[in-house]
Amino acid sequence: MNKPEANSDNLTVLRRSQHNISRKSISESALKVLYRLSKSGYRACLVGGGVRDLLLGIQPKDFDVATDATPEQVRELFKNSRIIGRRFRLVHIRFGRDIIEVATFRSQASDSSKTELNEQGRILRDNTFGDIEDDALRRDFTVNALYYDIHDYSLLDYVGGLEDFENRQLKLIGDAATRYQEDPVRMLRAVRFAAKLGFEIETSAAAAIHENGHLLAVVPPARMFDEVIKLFHSGHAAKGYQYLRQYNLLKYLVPALDEWLQHEPSEMMLDFIDQALVNTDSRVNTGQPVSPGFIFAVLLWPVVHQQANQIQSDRQKMIPALVQAGEVVIKRQVRHISIPRRFSQMARDIWSTQPRFLRTQGKQPQRMLGYTVFRAAYDFMCIQSLVGLVSTNLAQWWTEFQQQQAPIEPTEARRKQRPRRRRRNAD
Ligand code: ATP
Ligand code: MG
């Protein structure tokens, strides 16, 4: 980046020749949306993570567009679009599997009757339209508030984001405590971006996390699920988890694990969590599937393991003990983060399958291969073997056994295993 040009009091502009964002790295769908809006006389910019990641030279996960067209005007320009959202009204424009999110410039308007706050100052709804500068000011971090204007390919900075970008700083726009009180999820976003970008959380933004962490308790559990999974499936879960501990946020997300951590946890179990998250990161980064069920199975394993051991120390009865402990632990967990039933069931199945790996005689191993949860439970067991919780010989045995066997069709085995559940709702 070249030295920016100060345009007015608040605005810094980098012209096309002064930054490294090339249209070649912007998706065709995003460009289509930007150009059509622009040709129809509207202002159209790329904003948020897309701009930030392009500046860093990483491929953005998605592209967000901001415009002065209202949602209805955007809707009129694109047949393939629909208006979504309650808290913010956005337009989703679909191109095959690709969705471009278009948001109308909004202002925070904290004095306006259109911004609804609850008693803790949390924003419930805010749909006041504003200009581009208002729109920049209501965003979370300065590096997330840079605009790439399709009109002349310039970069617009109203909040000092370019400087913070150069210094690798995650700085909240405005007063840190107030911004967390408005939306406590921003604390989780700080941790996620710090892990993902390798940026430092700026001092006052970091200090305010320690003071406001408890506000996460008021975030609806369904939103917590989305945010927590974004963090653990970001490809930087190991680092993110370290930050959650460092910032003392884990107790608001997974309190049972936090309590376990306070009581002289076993090294092997600590290693297990780290190893499992490293494994998840490498799966994400190589495009292999991952599941929230696996993440919760990992995070709650020390607690479930400990409680099951208290219920029953005899290995023969370990399975019902794990089922019982799993039930109790999940029930407590979903008060903080709602876990869709299919994922909590997966975590339970991963846990209760673990003792079955000890049985390598008779028909049981063959049957195991047909379990829907087999693959995840096997990966889980292998990670346990890496840290000494399970013998490496046993993991080796199962690896070789699978190579020798033709697997049973999972659907057939599932039918035999237990009747299909109808309910698909969240715990
Ligand atoms: P990524 O997509 O890589 O997870 P992102 O920064 O694009 O990161 P999104 O959730 O896609 O994150 O949000 C897009 C932009 O919307 C953000 O960059 C930020 O400017 C704004 N934004 C999102 N969530 C919030 C929030 N809770 N408070 C304020 N602004 C937000
Ligand atoms: Mg994004």
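The values are calculated or read from the model by the stated rules, or taken from the named source; none is laboratory data. Here the structure is a predicted model, which is why all the values come from computation and not from measurement. Don't worry about glycine lacking a Cβ; one is built from the backbone with ideal geometry, like all the others, and counts go over all protein chains shown. Areas reflect the complete protein model, heavy atoms only, side chains present, ligands, DNA and RNA absent. Shrake-Rupley method; radii C 1.70, N 1.55, O 1.52, S 1.80 Å.
Scanning the range 60-76 for residues that are under 18 Å from SER40 (Cβ atoms) and surrounded by fewer than 19 Cβ atoms within 10 Å (Cβ to Cβ) turns up ASP68, THR70, GLU72, GLN73, ARG75, GLU76. Among the residues of the range 354-374, write down those that are under 23 Å from TRP301 (Cβ atoms) and surrounded by 15 or more Cβ atoms within 10 Å (Cβ to Cβ). Within the range 354-374, GLN354, PRO355, ARG356, PHE357, PRO365, MET368, LEU369, TYR371, THR372, VAL373, PHE374 meet the criteria. Taken over the range 132-148, residues that are open to solvent by 10 Å² or more (accessible area, probe 1.4 Å) and under 20 Å from ARG15 (Cβ atoms) amount to 2. For the range 375-401, the candidate set comprises residues that are within 21 Å of SER344 (Cβ to Cβ) and charged (D, E, K, R); within that set, the residue that is least open to solvent (accessible area, probe 1.4 Å) is ASP379. Against the test of being under 22 Å from LYS331 (Cα atoms), in a helix (DSSP H, G or I), touching a residue at least 40 places away in the same chain (Cβ under 8 Å) and away from ligand 2 (no atom under 16 Å from the Cβ), the options ILE295, ILE229, ILE273 yield a single qualifying residue, ILE295. In the set ALA308, ALA321, ALA297, ALA325, only one residue is surrounded by 16 or more Cβ atoms within 10 Å (Cβ to Cβ) and under 22 Å from the mean Cα position of the chain (by Cα); that residue is ALA297.
Look at the range 62-80: where a residue is assigned by TED's automatic domain parsing to the domain that holds TYR147 and small (Gly, Ala, Ser) and a partner is assigned to a helix (DSSP H, G or I) and more than 16 Å from ligand 2 (Cβ to nearest atom), sitting 6+ places away or on another chain with Cβ atoms under 7 Å, you get ALA69/LEU37. Look at LYS317 and say whether it is assigned to a helix (DSSP H, G or I) and at pLDDT below 95. So LYS317 fits the description; yes. Which of the residues spanning the range 162-205 are among the small types (Gly, Ala, Ser) and within 12 Å of ligand 1 (Cβ to nearest atom)? Matches in the range 162-205: GLY174, ALA190, ALA195. ASP149 - would you say it is more than 16 Å from ligand 2 (Cβ to nearest atom) and either in contact with a Ser or Thr (Cβ under 8 Å, 6 or more places away or on another chain) or under 12 Å from GLN108 (Cα atoms) (or both)? No; evaluated as a whole, the condition is false for this residue.
Helices (runs of 4 or more DSSP H) fully within the range 11-112 that include at least 1 residues being more than 21 Å from LEU156 (Cβ to Cβ) and more than 16 Å from ligand 2 (Cβ to nearest atom): 28-39, 71-77.
The criterion of being in a helix (DSSP H, G or I) and surrounded by 20 or more Cβ atoms within 10 Å (Cβ to Cβ) does not hold for ARG342. Residues in the range 194-219 that are closer than 23 Å to SER338 by Cα and either within 16 Å of ligand 2 (Cβ to nearest atom) or open to solvent by less than 60 Å² (accessible area, probe 1.4 Å) (or both): ILE209, ASN212, GLY213, LEU215, LEU216, VAL218, VAL219.
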